[in-house]
Structures are given as C-alpha cells and as structure tokens.
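Peer 1: Dumping the structure here so I can ask a few things about it.
The values are calculated or read from the model by the stated rules, or taken from the named source; none is laboratory data. Because the structure is a prediction, the values reported are computed rather than measured. Positions of Cβ are generated from backbone atoms using ideal geometry, with glycine treated the same way; all protein chains shown enter the neighbour counts. Side chains included, ligands, DNA and RNA excluded: accessible areas come from the protein's heavy atoms. Shrake-Rupley method; radii C 1.70, N 1.55, O 1.52, S 1.80 Å.
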Amino acid sequence: MSPAITFAGKIPAIIVFGDSSVDAGNNNYIPTVARSNFEPYGRDFVGGKPTGRFCNGKIATDFMSEAIGLKPIIPAYLDPSYNISDFATGVTFASAATGYDNATSDVLSVLPLWKQLEYYKEYQTKLKAYQGKDRATETINDSLYLISIGTNDFLENYFVFPGGRSSQYSVGFYQDFLAGIAKDFVKKLHELGARKISLGGLPPMGCMPLERATNIGTGGECVGRFNDIAVQFNGKLEKLVEKLSKELPGSVLVFSNPYEPFMQIIKKPSSFGFEVAAAACCATGMFEMGYSCQRNNPFTCSNADKYVFWDSFHPTQKTHRIMANFLMNSTFSHFF
C-alpha cells in the first residue's frame, strides 16, 4: 500500500453512507435485531472490543482513513462516546441491513438512506458551530464521500418476499428503481457541498457463504443468478456516474467496483493467504450472522485470517484490508 504520507492533508475527512459493509455501530443505538455489538464480533479489534462492525476487526473504511493519514477508525455518528471533534475528521452514518429502497430498511427497522442524509445535515450544522462556517465549508467540499449499499435490496428484500417488490418490478426495473434513488442521493449530496464522491457497486453476492449454503443442487457453488444481477446493476451504476460527472459542476465522481477484486479473492484464496472461501469463520460458517454468531460456538474458527468471510454475509478484517488497499491504489487515486 502507498504510505499514508502520500495522501496526508489533501482529504480532511471521510464521510460514509451505506449498510453493514460500512456501519461502525450505528445500529447499536436504534431498536433493531440487526446488530453485532457482542462477541465474537470485534475479537480482533483493538482491545477485543465488539463495536457493532459486522467483522472480527476493522472494516475497509477504517483502513482507508488510516491510509489517508487521518485516524485509524471511522466512528459511528450515533455513538455517544464520540462528538463533533471526532466526527470532524471522519464519520459513518451507515446502518446494517439497510438499502436504497425504503422497503429494505423497513424489514429490520434500520436507518433508511434518507434518514442517513438527515443526520448528515445535522452533522453539517454541528461542524459549522465547531469549526466556524468558512473552515467547515472547506471540510465539507474537500472531504471524501463513500457510499456502499445495495446488496440487501436484493438479498433481504426483493428475493425474500414473494408478494413484495418482486411482484411489482422485474429484476431489471427494480435495478432501475434503485439506480434512480442512487442518482437522487448523489445529487442531494452535491447540493449540500460534497464534491469528491465514490458510489460503490455490489460484490459477487452469490458467493456469500449463506447463498452458497442454500445452493443445494450444485454442491455449494456460487449462485450465478445473483452474481449476474450484481454485474448488471454495477453496469447501470457505472453509467449513472459517467452521466452525473458531466452534470454536477466541480465534482469528482467515481464508481467504485468491488466485484472483480473480491471475485479474485474468492476464486484463488491461496494467492491472498486464505485457506477457506466457501464457508465463514463464525459457527458452522454457512448460515450464521448477527445473533446466531454466538460467542461460545465450538465450531467458530480460531484464526480468522485464514478465512475470506467472517460470518455468512460479511468479510473478515483481512479481506477488508485487501479490498481497501486495492481501492486506495486504483479508484480512489483520482482524489489525491
């Protein structure tokens, strides 16, 4: 990875929106079962502390913050142990189990994307009071905005409820519906002063251990249909970013695509120092996440660094670090 000093000083803060891929514990402070603030989550985090990150340790955005020369973790906005002086250099509004679609956030009563934006507006007010209007405006303009969301719209919503979105929309139209929400969200961020924005794509979601475990007829292969949908949707988001780049003055917009690098890890885990890609570290490694990842489960692995996935849905700290390094040295190099 490029040394942190290369990036230092150019980006005052990282501001994050999204789902469990980038939630650092906001869900701990809302009434939902979509939580991970208990062991064994966080067992490889500083002090072995479960923070609400769906991981054994740090997540990609934490590593990015460190690489830029900011702080080693990005705190959750709703965490009362942090205040505006902490959030001035980085904050996440993300909420595990949410999606672009409000119907997705309703499934487990988590923060919808519009609510994350409301919290961001509140944050701007606090930042202006803390830094003064001029400096706060600079911070807002120069910060790096990361959006990582969308998997749950398909895997927790569209394909789960037969009478819901799948009866209203074909997969293609649902993708267009979600892309329309993404477009509005990016435009609103731009109106609020954001200039450096990364819109994240979907990972190979058919290769999550949970999906593989339920893919009975194939002996646990990746679910090709889900991966195809991720590729299609990523194509639509990429076109959206190209279009918005021309429309939004002064903006540097990038499409951040995790699909290929993540797929390389899954296909050739040993090249990256992993031993297991099809099952997760937690419990049996096939179905468990959240509360089903119990602390004393005898099947939970002892060394998460050997595993691509921590629970049946989420990557390990090591995978997050590899993905962060890849993105910092490719897509995000546009911002420095």
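Peer 1: Test of understanding: among LYS71, LYS115, which residue is under 24 Å from GLY164 (Cβ atoms), surrounded by fewer than 17 Cβ atoms within 10 Å (Cβ to Cβ) and modelled with pLDDT of 95 or more?
Peer 2: Among LYS71, LYS115, only LYS115 is under 24 Å from GLY164 (Cβ atoms), surrounded by fewer than 17 Cβ atoms within 10 Å (Cβ to Cβ) and modelled with pLDDT of 95 or more.
Peer 1: Okay, moving on. Please work out which residue is nearest to SER21 (Cα to Cα), limiting yourself to segment 283-336 and to residues that are touching a residue at least 60 places away in the same chain (Cβ under 8 Å) and β-branched (Val, Ile, Thr).
Peer 2: THR316
Peer 1: Quick check, is PRO162 within 18 Å of the chain's Cα centre (by Cα), more than 22 Å from ASN257 (Cα to Cα) and open to solvent by 10 Å² or more (accessible area, probe 1.4 Å)?
Peer 2: no
Peer 1: Looking only at segment 1-17, decide whether some residue is surrounded by 24 or more Cβ atoms within 10 Å (Cβ to Cβ) and assigned to a loop (DSSP other than H, G, I, E, B).
Peer 2: No: zero hits.
Peer 1: Being more than 21 Å from LEU155 (Cα to Cα) and in contact with a helix residue (DSSP H, G or I) (Cβ under 6 Å, 6 or more places away or on another chain) narrows it down to one residue among PHE336, PHE272, PHE313; which is it?
Peer 2: PHE272
Peer 1: Further, regarding this structure: Here's a check for you: in segment 119-147, which residue that is touching a Phe, Trp or Tyr at 6+ places or on another chain (Cβ under 9 Å) and open to solvent by less than 30 Å² (accessible area, probe 1.4 Å) is nearest to SER95 (Cα to Cα)?
Peer 2: Once the filter is applied, the top-ranked residue is ILE147.
Peer 1: Here is a follow-up. If PHE255 satisfies all but one of (1) within 20 Å of the chain's Cα centre (by Cα); (2) open to solvent by less than 20 Å² (accessible area, probe 1.4 Å), what's the number of the condition it fails?
Peer 2: Exception for PHE255: condition (2).
Peer 1: What helices (runs of 4 or more DSSP H), lying completely within segment 93-158, carry at least 1 residues that are touching an Asp or Glu at 6+ places or on another chain (Cβ under 7 Å) and among the aliphatic types (A, V, I, L, M)?
Peer 2: Because the criterion is at least 1 residues that are touching an Asp or Glu at 6+ places or on another chain (Cβ under 7 Å) and among the aliphatic types (A, V, I, L, M), the helices (runs of 4 or more DSSP H) in segment 93-158 that meet it are 102-107.
Peer 1: Here's another thing I want to ask about it. Quick check: is even one residue across segment 262-281 open to solvent by 10 Å² or more (accessible area, probe 1.4 Å), under 24 Å from PRO72 (Cβ atoms), hydrophobic (A, V, I, L, M, F, W, C) and modelled with pLDDT of 95 or more?
Peer 2: Yes, segment 262-281 contains at least one residue that is open to solvent by 10 Å² or more (accessible area, probe 1.4 Å), under 24 Å from PRO72 (Cβ atoms), hydrophobic (A, V, I, L, M, F, W, C) and modelled with pLDDT of 95 or more.
Peer 1: To continue, here is another question. Which numbered condition trips up SER65, out of (1) buried (at least 18 other Cβ atoms within 10 Å of the Cβ); (2) assigned to a loop (DSSP other than H, G, I, E, B)?
Peer 2: All conditions pass for SER65, except number (2).
Peer 1: Kindly list the number of the only condition in (1) in contact with a strand residue (DSSP E or B) (Cβ under 9 Å, 6 or more places away or on another chain); (2) crowded, with 18+ Cβ neighbours inside 10 Å that fails for VAL223.
Peer 2: (1)
Peer 1: I'd like the full set of residues that are farther than 22 Å from ASP184 by Cα, surrounded by 17 or more Cβ atoms within 10 Å (Cβ to Cβ) and of a type outside the set (A, V, I, L, M, F, W, C), limited to segment 226-252.
Peer 2: The one that is farther than 22 Å from ASP184 by Cα, surrounded by 17 or more Cβ atoms within 10 Å (Cβ to Cβ) and of a type outside the set (A, V, I, L, M, F, W, C): ASN227.
Peer 1: Residues that are of a type outside the set (Ser, Thr, Tyr), under 23 Å from ASP23 (Cα atoms), open to solvent by 40 Å² or more (accessible area, probe 1.4 Å) and part of a helix (DSSP H, G or I): does segment 168-181 have at least one?
Peer 2: yes
Peer 1: Could you please find all residues in segment 18-61 being outside any loop (DSSP other than H, G, I, E, B), out of contact with any strand residue (DSSP E or B) (no Cβ under 6 Å at 6 or more places or on another chain), open to solvent by less than 30 Å² (accessible area, probe 1.4 Å) and under 14 Å from ILE74 (Cα atoms)?
Peer 2: Matches in segment 18-61: ALA60 only.
Peer 1: Now a separate question. Output the number of residues of segment 201-227 satisfying the condition of being in contact (Cβ under 8 Å) with a residue 12 or more places away in the chain and part of a helix (DSSP H, G or I).
Peer 2: 12
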